[in-house]
Every structure is written in C-alpha cells, then in structure tokens.
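Below is one structure; the comments refer to it alone.
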Amino acid sequence: MSLYCGIACRRKSFWCYRLLSTYISKTRYIFELKEDDDACKKAHRTGAFYLFHNLAPLLQKLEHQHQYLAPRHSFLELEKLLGKLGQDTQKIEDSVLIGCSGEHEAWFALDLGLNNPSSTNDSLQKLEMETELKGSFVELRKALLQLDVKDASLLSMAQALLRWHDTHQFCSRSGQPTKKNMAGSKRVCPSNNIIYYPQMAPVVITLVSDGTRCLLVRQSSFPKGMYSALAGFCDIGETLEEAVRREVAEEVGLEVERLQYSASQHWPFPNSSLMIACHATVKPGQTEIQVNSRELEAASWFSHDEVATALRRKGPYSQQKDGSFPFWLPPRLAIAHRLIKEWLENHKCSSLPA
C-alpha cells in the first residue's frame, strides 16, 4: 500500500469513527431524555422548539423562493410568547421530544392550539401568533413539497406524535386519564401502570411490473391526474409477503410471482403509517387488470417512456383543453416516487445491449 493510500484510509476511518461516535452519542442522549423526566425538563431550557397550531406547523416562506423554512425558538422566546398570549408557561411541558443536534441541543415540538381551554377565539389567537412569530401555520400536507428533507422528516414525526397524544388521553382498560412522560415517548395510566407507546400502522406499498411495463393506480381522493403504486394496510397475522400478494390480488386481480423489498418510510397521513416499499413481478401472460372499484378509481399499465415523461413533469398541474389532467406521479418525498424511479433505472439497465 502506498503512503498516500495509507493516509487516505486512516483519514476515512477517522471520519467514519467520528460520524459513528456522534450518532451513538446523540442516540444515547435522546434515550436518556426519554427515560429521565428531570433530565428532559432541564433540556427544555437549552433546547429549541418547533411550533404548531392544531397540528399545522409554523413556517416562514423564503423570499423570492418557492420554499418554506421551519423556524426554531428558544425556551426564553417561547416563555415570552406564552406570556404575551396569556397562556400558562406550564404548557411547555406538553411538548414532545423529536431529536437533537450533534452538540446535544434537544429539539421539541409544541402545539399552541391543542388542549388550550383559555382560547376563547381560536382564529383570532392564531392570527396574533402568526403576526408575533412572523410566519404562518400551514397544513403539513400542503407544505411538504416545499420543505427540505430534514425539516420534512422532523415535522412529520412531530405532527404524528402530537396527534397521537391528542387522541390517546385515556386508558383503554380503566377509562382513566393517562399521563404523558416529559419527552412524550409514552403515556402511563396512574391507576394500573399500563404503559402506552406511540404506534404506527404497517402499510405495504408495491410497484407491480410485468417485465416491460409498470402498473400504476389512482384513488378518487388523489389529486387530479396523479397515479401511484398500490398500497394497503397489513392485516393482523400476515407477513409482509402475504400482505403484498393479497393487496395485489384484491385491488387489481393479479397474482404476484416474485417480490423484492426496497425501503421504508414514516408517513404521517392520515394517522402515522410505516410505509414498506416493495417491487413485485406478476406471472407471465397474466396481466389482465380487474379493478376493484371499492378500492380504486383506475389502474393501468404504463410504458418506460410514459413514466419517464411523467417523472420529468413539474407542477402545478392544470386542466387541459379537453378537460383532462396530465398524467403525473407522487412527489420526490413520497416513497412511491423512489419505487417508480428505481423501476425506471432498473428497466433502463436491463434493456441495454449486452
């Protein structure tokens, strides 16, 4: 090994070690805050807060750009804001932990609208907050396309946690109110000590191919013209493989021959799902689609060129002269986009001459 290569390898190992050490350090710090209420309460004072109002995050639009920024606020700024709005600073303890920086600055999310009995005029108070904070509370689904990946991931996690706490305030066995721990990583029933943890529903999302084309579908709830991959919730007792085969059979009447796992993604809509993405191939000669109209509005096979053209399209998508809408695909932040892009790339490689 040359001297240069030896130095390069040592440098690479050093940076890998530093990266790994930072990740482990952050992970263990977050674990500590989840398990120790006093440590988490102390972290509030040096931490930063993302603000929401009725599950809509506070965002600031960047000038001359079609992009949103999710601002963070210090503990002191938040105390000052709550004082101006006539809210109890105790409300800060309703926040949920969503991460931390490499320097152990803890990040929290707090909803200023939920569980606020002192608010007599919600719209007026929301407007007052937006003026004070120099931003707007924007529905996350609308803002997701204009956020960077890091902010989108943090805000998705934050909204999912805030929604879970808002809808799981009572013990399913005793009927008594449950109590959130300081980090928001669980709720406990004081009467029987049952612990409840935030949950995600597993969903398989599958891009079906017959070898030369891919199958895309749309539901009536989709934006006009948009097609995506097949998706459905896993049933209790099913493996992922069984769920993929069942969903494809149920929704389009096709039988899966082979399937391959691709990736996973947390998706906050409508109530926090774990999207498990797969590629599936149907049996040769069995490609006739039988659409389940209870589940889907339409389903169709699309060629490589049709999908490639749709992937290059940029929104917004307006109605065409004939009354139809152009065929377009899910945005890049959705895991369906990744599946479709992977299929395009793999199809291109497989079609190259040997």
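Some points to look at:
- Projected over all directions and averaged, the alpha-carbon convex hull of the range 267-310 occupies 5.1 nm².
- Cα gyration tensor category, rounded, prolate or oblate, for the range 25-167 with a/c compared to 1.5: oblate
- Rg followed by Dmax, in Å, when the chain is reduced to its Cα trace: 24.0, 74
- Of interest is the spacing of the C-alpha centroids, which for the range 328-344 and the range 248-292 amounts to 14 Å.
- Remark: spin-label model distance Glu295-Arg332 equals 3.1 nm, labels positioned 7 Å along the Cα→Cβ axis.
- Calculated FRET efficiency for the pair Lys341/Arg28, C-beta based, R₀ 45 Å, to 0.05: 0.80
- Once the chain from Lys224 to Thr167 is taken as fully extended at 0.36 nm per residue, the excess over their C-alpha distance is 17.4 nm.
- 0 to 90° range, to nearest 10: angle between helix 37-46 axis and the chain longest Cα axis: 90
- Rounded to whole Hz, the Karplus (6.51, -1.76, 1.60) HN-Hα couplings of the range 157-168, x for glycine and proline: 5, 4, 4, 4, 5, 4, 5, 4, 5, 5, 9, 10
- Cβ-placed point charges (K, R +1; D, E -1), dipole of the chain about Cα centre in debye, nearest 20: 940
- The local environment of Thr178, defined by Cβ-Cβ distances under 10 Å, has a net charge of +4 under the rule Lys, Arg +1 and Asp, Glu -1.
- Share of Cα-Cα pairs in the range 243-354 lying beyond 22 Å, as whole percent: 46
- Degrees separating the helix 75-84 axis from the principal Cα axis of the chain, which is the longest one: 70
- DSSP-defined antiparallel bridges as percent of all bridges, the range 25-167, nearest 5: 70
- Taking Gln169, Gln286, Gln159 in turn, the Gaussian network model of the chain (Cα-Cα springs below 10 Å) assigns the largest fluctuation to Gln286.
- Residue-averaged [θ]222 nm for the chain, counting only DSSP H segments that reach four residues, each worth -39500 (n - 2.57): -11500 deg cm²/dmol
- FRET efficiency estimate (nearest 0.05) - Cβ-Cβ, Glu288 to Leu114, R0 41 angstrom: 0.25
- Considering only Leu114, Leu140, Leu207, the Gaussian network model of the chain with Cα springs below 10 Å gives its largest mean-square fluctuation to Leu114.
- The chain: angle of helix 335-350 to the longest principal axis, Cα-based, in degrees nearest 10: 30
- Listed from fewest to most Cβ neighbours within 10 Å, the set Lys180, Lys41 follows the order Lys41, Lys180.
- Relative contact order (%) - criterion: Cα under 8 Å, at least six apart; region: the chain: 14
- Note on Leu76 and Glu93: the model spin-label points, each 7 Å out from Cα along the C-beta direction, lie 2.4 nm apart.
- A Gaussian network model of the chain, with springs between Cα atoms under 10 Å, assigns the largest mean-square fluctuation among Asp235, Asp111, Asp94 to Asp235.
Rule-based calculations on the coordinates, nothing more; no lab input. Only a predicted model underlies this, so the values are computations on that prediction, with no experimental measurement involved. Here Cβ is always computed from backbone atoms with ideal geometry, including for glycine, and neighbour counts include all displayed protein chains.
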